Amino acid sequence: MTVVAMGMPAVRTGRPSLDGRPDTPYLLDRFGRVARDLRVSITEKCSLRCTYCMPEEGLPAIPADELLSTDEIVRLVTLAVHELGVHEVRFTGGEPLMRRDLEQIIAGCRAALPDTPLAMTTNGVGLEHRARKLAEAGLGRINVSLDTVDRDGFHRLTRRDRLDSVLAGIQAAIAAGLTPLKVNAVLMRETLDGAADLLQWCLDAGAELRFIEEMPLDADHEWARANMITAEELLEVLGKRFTLTEAGREDPSAPAERWQVDGGPATVGIIASVTRKFCGDCDRTRLTADGRIRSCLFSDQEYDIRGALRSGATDADIAQLWRGAMWNKSAGHGIDMVGFVPPERTMGAIGG
């Protein structure tokens with residue numbers, strides 16, 4: 001099995017250049033952005049096979065000894081907060097609920113970082129059985145990926161008949177206090193007619209819905225700009241059923257633009273990653289399940305932090321490697337550029 005066949009870049013870069021970088025502990029890049037939001041992928045495994053993310057057969061397994069362990073994740077997350085200025089941590093996958101030690105990961109990070117917001121993005125399958133324990137371990141809130149509440153449509157899109165489990169998981173998470181709970185829905189042609197139904201379901205459930213423009217991160221490489229649903233098209237569809245009033249962003253680095261629904265206070269968000277890109281305000285840094293620092297969803301420039309960790313590097317050494325990785329972050333994702341090439345890793349292998 002080659003590295004590329006696993007949905008991962010074939011070339012790993014060495015130690016990044018720090019030329020011209022100011023003497024600051026924070027994760028500053030050459031364009032003046034500072035990364036304060038850490039996304040930690042903890043597995044490549046997933047219980048669904050969403051067409052815009054995973055191949056039908058799933059991603060080939062990463063060998064267990066190549067995944068970051070519980071203790072390694074806790075150490076790196078703690079270092080990111082204490083030494084690099086990270087303010088918020090989100091755990092992703094694949095599907096994080098596929099890790100049996102998820103509660104231990106959360107509890108370890110909470111013990112080390114009692115004041116740091118800890119969140120998770122999940123597809124919700126099986127969440128109803130673990131929501132309470134995750135809250136007790138120290139998880140603060142959850143985002144659930146859900147693209148439609150139509151059972152047949154959900155089955156076709158995810159290749160699994162698990163809608164009931166997802167809906168039950170959302171209810172259980174809200175009951176456990178993992179709020180504000182947000183639902184993430186990828187905009188697709190086949191689900192657009194049901195977008196208003198999904199919004200109504202979220203309004204009734206007390207969840208905040210955020211639609212996301214589909215990005216070229218699918219395993220089957222079938223994404224095409226001409227076929228994607230744009231934010232403008234969605235607003236036109238939702239506007240036939242709801243009165244939407246633009247409310248802006250919660251803060252400049254927040255990816256979602258918000259609209260009040262029927263006068264509020266409920267809102268719906270749209271993350272227009274392609275047509276209204278927000279790269280200039282991006283504040284994210286990413287840690288892959290196999291221990292690579294990734295500065296951008298669309299950059300295959302990665303740095304091996306797991307290797308440094310296991311070779312005896314000090315926290316200071318690791319922090320400097322991380323700073324260098326972010327210092328060399330690109331200006332933007334480049335989707336609109338002539339000759340744009342999607343990254344080797346798919347969304348499932350990067351982490352949401």
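The values are calculated or read from the model by the stated rules, or taken from the named source; none is laboratory data. Note that the coordinates shown come from a computational prediction; the quantities given were computed from them, not determined experimentally. Cβ: placed from backbone, ideal geometry, glycine included. Neighbour counts: every protein chain shown. The accessibility values were calculated without ligands, DNA or RNA, using every heavy atom of the protein model including side chains. Shrake-Rupley method; radii C 1.70, N 1.55, O 1.52, S 1.80 Å.
Some points to look at:
- Residue 320 open to solvent by 10 Å² or more (accessible area, probe 1.4 Å), outside any helix (DSSP H, G or I), modelled with pLDDT of 95 or more and more than 19 Å from residue 43 (Cβ to Cβ): no
- Among the residues of segment 52-64, not a single one is touching a Ser or Thr at 6+ places or on another chain (Cβ under 8 Å), modelled with pLDDT of 95 or more and either not acidic (Asp, Glu) or not in a loop (DSSP other than H, G, I, E, B) (or both).
- Scoring residue 281 on the criteria (1) within 18 Å of the chain's Cα centre (by Cα); (2) modelled with pLDDT of 95 or more leaves a single failure, condition (2).
- Residue 254 vs. criteria more than 16 Å from residue 329 (Cβ to Cβ), open to solvent by 10 Å² or more (accessible area, probe 1.4 Å), of a type in the set (A, V, I, L, M) and within 18 Å of the chain's Cα centre (by Cα): yes
- Residue pairs whose Cβ atoms lie under 7 Å apart, sitting 6 or more positions apart in sequence or on different chains, and linking a residue in segment 242-267 that is touching a residue at least 40 places away in the same chain (Cβ under 8 Å) to a partner that is assigned to a strand (DSSP E or B) and among the hydrophobic types (A, V, I, L, M, F, W, C), are 242/261; 256/270; 256/271; 261/244; 261/268; 267/247; 267/259; 267/261.
- Among residues of segment 95-122, those that are open to solvent by 10 Å² or more (accessible area, probe 1.4 Å) and either part of a helix (DSSP H, G or I) or out of contact with any helix residue (DSSP H, G or I) (no Cβ under 6 Å at 6 or more places or on another chain) (or both), counted: 15
- Annotation: of all residues in segment 54-73 being under 18 Å from residue 292 (Cβ atoms) and aliphatic (A, V, I, L, M), the one that is most open to solvent (accessible area, probe 1.4 Å) is 64.
Listed here are the residues, each with its yes/no results for (1) closer than 21 Å to residue 313 by Cα; (2) in contact with a His (Cβ under 8 Å, 6 or more places away or on another chain); (3) in contact (Cβ under 8 Å) with a residue 12 or more places away in the chain.
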residue: 39; (1), (2), (3): no, no, yes
residue: 62; (1), (2), (3): no, no, yes
residue: 67; (1), (2), (3): yes, no, yes
residue: 77; (1), (2), (3): yes, no, yes
residue: 85; (1), (2), (3): yes, no, yes
residue: 93; (1), (2), (3): no, no, yes
residue: 97; (1), (2), (3): no, no, yes
residue: 100; (1), (2), (3): no, no, no
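- A Cβ distance below 6 Å, combined with a sequence gap of six or more or placement on separate chains, defines the contacts here; from segment 112-134, residues that are under 16 Å from residue 177 (Cβ atoms) and basic (Lys, Arg) reach residues that are open to solvent by 20 Å² or more (accessible area, probe 1.4 Å) and modelled with pLDDT of 95 or more in the pairs 133/103.
- In segment 82-94, the residue that is nearest to residue 40 (Cα to Cα) out of those that are open to solvent by less than 30 Å² (accessible area, probe 1.4 Å) and in contact with a helix residue (DSSP H, G or I) (Cβ under 8 Å, 6 or more places away or on another chain) is 91.
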